[in-house]
Amino acid sequence: MNATKNRLHFLFLTAVISILGVSYFIISSGFYVSNRSVFSLAITVDICLLIPALYFFLIRKRKVSKITLIPVIILSYTLASFLLPADGQSYLKIIKFLLAPLELLAVGYLIYKVRKVTLEHRSNARNSKDFMVNLRKSLYTTFGENKAADIMATEVSFFYYAFFGWGKTKEMGNEQAFTYHKTCGYSWVVGVFFFLILLETFSLHLLISQWSITAAWILSALSVYSLVFLFADFNAAKKRPILVLEDHLNIRIGLRWWVNIPFDQILYIEKGYAWKDKKEGYVNASLMGSENIMIILKEPMKMKGFYGISKNVTKLALSIDNKDEFYTLIQKKMEK
């Protein structure tokens, strides 16, 4: 199933690149000048109609929303407007006129979906204070459980924890929370990297700007993005401790990993040493440094990460601040 899916994605991308490549070759050649009207029509049809048609064929029997066809159509038009010279865009103007109601529909649909996500998030927040989980649930309900929803959840959570989520957060219910960011020295690492990145960014910006202003600003933007990610991940680690609930263990590691593990799915738990078998099914979910807790599962479970990354885990390594209390509590939960 996945092989067929990947093959179709590859064929679609190959077709799109081929269409754009051939179009660029024709426009750059002498054939285009001598047959401007014919080639302009052909290129407009290929890019603005054929590419969306291929995309529709790709998603027609899948759970991907057909509304995603709208941004593909708009993007195809944008690509055509970049490729075609100004005197060859007469047919493209017709496409632009036809796109006007489609763009209004897309804006209206987007506003509707944003409002729906907001209402879903408020509803989920009544039962949980975990911003990232509530947002992901809201996006799944609105857009379906797919990569696009995972990417949106990651990006929004990233900026939330970096700039807004610094207030005190109290968990709801009778869960017991275990931190994992204090004894590993993560705060010191974030602080050191903060000053190093600032210093390096300033120095490299001055150096690279002598050759390219654009490259210097791109590098500076990437450095700032990395710095903001560090702050967001550190704040998320503080706000999202590991929770021990009545019937399951809620693993949350900053913005990086999350999984719910029922206690009846835990084969055994060990503490105090580095695990040697780190091959199949092993995931080190420690914030940084070596693990001090190892949880062995009876069966593989899917552990999700940012941007929809997932791993099948059977051996989960953690670094808990209070590992002894955590170990004792999990043992008691497993015995019930």
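Derivation of every value follows stated rules applied to the coordinates shown; laboratory data play no part. Computed from a prediction, not measured in an experiment: that's the story for all the values here. Note: ideal-geometry Cβ built from the backbone for every residue, glycine included; neighbour counts use all protein chains shown.
Structure above, values below:
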{"read-out": "Reduced Cα scattering model of segment 178-239, Debye log10 I(q)/I(0), q = 0.14, 0.17, 0.18, 0.23 Å⁻¹", "value": "-0.48, -0.62, -0.66, -0.87"}
{"read-out": "Neighbour cut-off at most 16 other Cβ (10 Å), DSSP loop, chymotrypsin sites (Phe, Trp or Tyr not before Pro), segment 59-104", "value": "none"}
{"read-out": "R0 of 41 Å, Cβ-Cβ distance Leu222-Leu8: FRET efficiency to nearest 0.05", "value": "0.80"}
{"read-out": "Residues of segment 216-259 with amide N under 17 Å of the 7 Å Cα→Cβ point at Val189", "value": "226-242, 252-258"}
{"read-out": "Pairwise Cα inverse-distance average, inverted: Kirkwood Rh of segment 2-108 (Å)", "value": "14.8"}
{"read-out": "Where labels lie 7 Å past Cα in the beta-carbon direction, separation of Phe163 and Tyr307 in nm", "value": "2.1"}
{"read-out": "Coil-residue trypsin sites (Lys or Arg not before Pro) of segment 41-95, DSSP, other Cβ within 10 Å capped at 12", "value": "Arg60, Lys61, Arg62, Lys63"}
{"read-out": "For the chain, calculated [θ]222 nm from helices alone, where every DSSP H run of n ≥ 4 adds -39500 (n - 2.57)", "value": "-19000 deg cm²/dmol"}
